Amino acid sequence: MSKSILQDKKECWLCRQLYGCEMALEGDSLEKHHVMFGTADRDISERYGLTVWLCHTHHRTGMVSVHMNRAANMLLRSFAQQEFEKRYSHDEWMRLFGKNYMEEHNGSDQDNN
C-alpha cells in the first residue's frame, strides 16, 4: 500500500475542494477512495498512491459523490492525473489508464466522427 500522492491530511478531499472546510480528520466518518476504480485500476491506484479520503456523502451517497456524480468524479480524476504526471509522465499515465482526464475535465475531449 502506497501513501497517497494526492493529499497529506486525513480529511474529506471534496469537502476541502468544494467548501474549504475539513470534515472529521480521523475515524469512521471517512472512507478511502481509489480514484481509478474497477478491478485492475483499483490495484494501480493503490500502487501509485492515487487514493483520497472522502466523507460518506461525497464518496457514495450524496448528489456530489464521486460514485454518483460524473463532474465530481472527473474533477478528482483530472487532479489525480495532474499529480501523477508531476512524478512520472503523461506517457506513463496513458500506458496505465489509456484516457486523458485533464482534457475531458476541461471539455476539450470531443469525438470527431
Q. Which numbered condition trips up Trp93, out of (1) at pLDDT 95 or above; (2) within 13 Å of the chain's Cα centre (by Cα)?
A. (2)
Q) Which condition does Leu25 not pass, out of (1) surrounded by fewer than 19 Cβ atoms within 10 Å (Cβ to Cβ); (2) at pLDDT 95 or above, if it passes all the others? A) (2)
Q | Given (1) closer than 20 Å to Lys99 by Cα; (2) modelled with pLDDT of 95 or more, number of the condition Ser4 does not satisfy | A | (1)
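Scan region 29-80 residue by residue and report those that are among the hydroxyl-bearing types (Ser, Thr, Tyr), open to solvent by less than 20 Å² (accessible area, probe 1.4 Å) and over 12 Å from Cys12 (Cβ atoms).
Of all residues in region 29-80, those among the hydroxyl-bearing types (Ser, Thr, Tyr) come to 29, 39, 45, 48, 51, 57, 61, 65, 78.
With open to solvent by less than 20 Å² (accessible area, probe 1.4 Å) added as a condition, the list becomes 45, 51, 65, 78.
Hits for region 29-80 are Ser45, Thr51, Ser78.
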Q.
Looking at Glu104, Glu83 in this structure, which one is modelled with pLDDT of 95 or more, part of a helix (DSSP H, G or I) and open to solvent by 20 Å² or more (accessible area, probe 1.4 Å)?
A. Glu83
(Q) If the requirement is being of a type in the set (Gly, Ala, Ser) and modelled with pLDDT under 90, which of these qualifies: Gly62, Gly38, Gly49? (A) Gly38
Q. Between residues in region 32-56 that are on the phi > 0 side of the Ramachandran plot and residues that are open to solvent by 60 Å² or more (accessible area, probe 1.4 Å) and of a type in the set (Lys, Arg), which pairs lie under 8 Å by C-beta distance while being six or more apart or on different chains?
A. Gly49/Lys3
Q: Considering (1) closer than 14 Å to Ile5 by Cβ; (2) out of contact with any Cys (no Cβ under 9 Å at 6 or more places or on another chain), say which one Val52 fails and leave the rest.
A: (2)
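The values are calculated or read from the model by the stated rules, or taken from the named source; none is laboratory data. Since the structure is predicted, the reported quantities are computational estimates derived from the model, not experimental observations. When we count neighbours, we look across all protein chains shown, and the Cβ atoms used for this are built from the backbone with ideal geometry, even at glycine. Just the protein is used for accessible areas: all its heavy atoms, side chains included, with ligands, DNA and RNA removed. Shrake-Rupley method; radii C 1.70, N 1.55, O 1.52, S 1.80 Å.
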